[in-house]
1. Could you check I11 against (1) buried (at least 16 other Cβ atoms within 10 Å of the Cβ); (2) within 30 Å of the chain's Cα centre (by Cα); (3) within 21 Å of A116 (Cα to Cα) and say which number it fails?
2. Being among the hydrophobic types (A, V, I, L, M, F, W, C) and within 24 Å of the chain's Cα centre (by Cα) is the filter here, so list the residues in segment 425-472 that pass it.
3. Which one of these is out of contact with any helix residue (DSSP H, G or I) (no Cβ under 8 Å at 6 or more places or on another chain) and more than 24 Å from L92 (Cα to Cα): A178, A199, A172?
4. Considering every residue within segment 94-107, establish whether at least one is part of a strand (DSSP E or B), in contact (Cβ under 8 Å) with a residue 24 or more places away in the chain, of a type outside the set (S, T, Y) and crowded, with 21+ Cβ neighbours inside 10 Å.
5. Looking at this structure, is F425 assigned to a helix (DSSP H, G or I), buried (at least 22 other Cβ atoms within 10 Å of the Cβ) and of a type outside the set (D, E)?
6. Please specify each residue of segment 341-371 satisfying the condition of being over 16 Å from T453 (Cα atoms) and open to solvent by less than 10 Å² (accessible area, probe 1.4 Å).
7. Which residues, taken from segment 600-612, are open to solvent by less than 70 Å² (accessible area, probe 1.4 Å) and either within 29 Å of K584 (Cα to Cα) or outside any helix (DSSP H, G or I) (or both)?
8. Quick one: Y127 ticks every box in (1) part of a helix (DSSP H, G or I); (2) open to solvent by less than 10 Å² (accessible area, probe 1.4 Å); (3) among the hydroxyl-bearing types (S, T, Y) bar one, so which box is it?
Amino acid sequence: MPLASDIAWLIPVFPLIGAVLSGLGLICANKKINNSREIVSISLLSFVGVSAVISYKTLFEQINGYQSVEKLFVWASAGDFTIPMGFVLDPLGSVMLTLVTTITLLVMIYSHGYMAHDKGYVRFFTYLALFSSSMMGLIISPNLLEIYVFWELVGMCSYLLVGFWYDRDGAANAAQKAFVVNRVGDFGLLLGILGLFWATKSFDFNEIALGVSQSVADNSLPVWAALLLCFLVFLGPMAKSAQFPLHVWLPDAMEGPTPISALIHAATMVAAGIFLVARLQPLYSLFPSIQFIIALVGTITCFLGASIALTQMDLKKGLAYSTVSQLGYMMLAMGCGAPVAGIFHLITHACFKAMLFLGSGSVIHAMEEVVGHQPVLAQDMRLMGGLRKKMPFTSTTFLIGCIAISGIPPLAGFWSKDEILGNAFISFPAFWFVGFLTAGMTAFYMFRLYFLTFEGDFRGENKALQKELLLASKIHIEDEEHEVEHGSLHESPWSMTFPLVFLAFPSIIVGFMGVPWDSKFANLLDPEEALIAIESFELKEFLPLAIASVLIASVGITIAYQAYFAKKINLSILFAQRFPSVNKFLSNKWYLDDINEKLFVKGSRKLAKEVLEVDSKVVDGVVNLTGLVTLGSGEGLKYFETGRAQFYALIVFGGVILLVAIFGFQSPQVT
């Protein structure tokens, strides 16, 4: 029986086969396929399930000490130039494959309930399978060129899924925004890949690092050029993993169905950027200045996402900015030269963030039956409250997720986040301080989400508030008001609650795989680093940072409790009214969307109009002038076309006489 590592190339193939078959079915027999939705969903689940089984087996083999596998074939060649393709399976790849297949399976199960009444059910599952296949292919890619192929496939699938409800203006605009912003990063990534190949004649990760090191050492590649190429490649992960200032697409991507939000934020698109930076650590570690830039970008992103989340009233957007902040933590770890810590936080974050997003979908699913199918109303926390008694599974798992992401021990988020902060404290103390403050902000806004959504009294019956929210969103209010039936609030079906309960367990226990004094996770990904970390571990160094982290998180939770549960603090008076400019700055998302709108959207439109003027007046003018000259000359010359030989001879004779006259009367040169 072959090793699972030897057939790892089949992992992305199975979901791809399922997506192709269902896609062809939609094209050839649309009505029949849409009427067989359960058969299609079970088939696609089975294809992803086979990939998951192989992924679990590859992880088991890597844990038991099997060697990494790399198999290549020549995809194209010309003389000495060859382009290899194939797959690589190592500990990092096996961990990521297990994560992606598990989250995808749970999201598919959840989607069966969430999308049950959607007419695009089969199309949605087809996109899901293609999306997961693209991410799996990216993970097992052995070089930058192959990664770029799957990188673009992941981007294309995200465009299709974010804009799944394309008849809604918000979804269509969000898909376009995600596409355009990611093209900026991908253009830089492509330039960087081509530049690195020019410098090293290779697309392989390790060979690129060795080639750049040797080229810089023998002065054949200037240091500034090497730094530029590294930064260009980093632009790709900046966009994919929503790093400042290319993060603006991610919150808007919430316009897509909630299961997609969970998949994008947990294990696919945003994880791709972190994964690529981890793969390129041999290159980035050569240049401390690049690592500083990566850490700086991560720190800014970390603080930015948390600060904006403080004022969000949309449940999904609050979680979206939370993701931006946590991705900043991961990128900070990469900049500190601690890729294992960054990947560990990616794994733990995927578990509780997928659970939180699916939990928000469960809440929205229930709210839609109460306040109507208006996303503005169903997702606004000002109309929620008191849902804990009606939705016990959703509320309990959501609370577990809030505790985990807040960094309260012994849940998973504490171990992974504190490992990042510990590395930052050693490498960049100033960045550690920002991350430390962000930890308190994270605890505050997450429990703010929880208390507003699940505790207190239900506020969905407030008609005046509903109208106010609709007017603020510039949405037409129907003359016939929706009758609120408070009793219709209920827990979601098993297909939606099962993934929540399943994800609650790793959110609680998976952190123990990365305890700093005996990190099984680090030992799997990098045994040498794990050994050094264990030998250098000092309890007296760990405890002060850990206690400080728990204390700042506790402060954030306490403030949220006093403000939104006990109602003993009025933050509107204490903060919003006292510092209106700061509150407005955060509510308007640092004005980054407005700046982008003015500089790039309106600026590009102005440039396009000017180019159109040049095209219509200059380019078209030259073309039209050429046509007029041709037309005029043809009109004049037609009178010389008589068909009489004597007339043509007369013209030739006249021409000869003219030439003789011109050259004959020229004065001879005197020498």
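The values are calculated or read from the model by the stated rules, or taken from the named source; none is laboratory data. Fair warning: this is a prediction, and the values are worked out from it, not measured in the lab. Note: ideal-geometry Cβ built from the backbone for every residue, glycine included; neighbour counts use all protein chains shown. To get the accessible areas, we keep the full protein, side chains included, count just its heavy atoms, and leave off ligands, DNA and RNA. Shrake-Rupley method; radii C 1.70, N 1.55, O 1.52, S 1.80 Å.
1. Here I11 meets the rest and fails (3).
2. F431, V434, A439, M441, A443, M446, L449
3. A172
4. Within segment 94-107, not a single residue is part of a strand (DSSP E or B), in contact (Cβ under 8 Å) with a residue 24 or more places away in the chain, of a type outside the set (S, T, Y) and crowded, with 21+ Cβ neighbours inside 10 Å.
5. Taking the combined requirement at face value, the residue does not satisfy it.
6. A341, G342, I343, F344, H345, L346, T348, H349, A350, F352, K353, A354
7. Hits for segment 600-612 are V601, G603, S604.
8. Here Y127 clears every test but (2).
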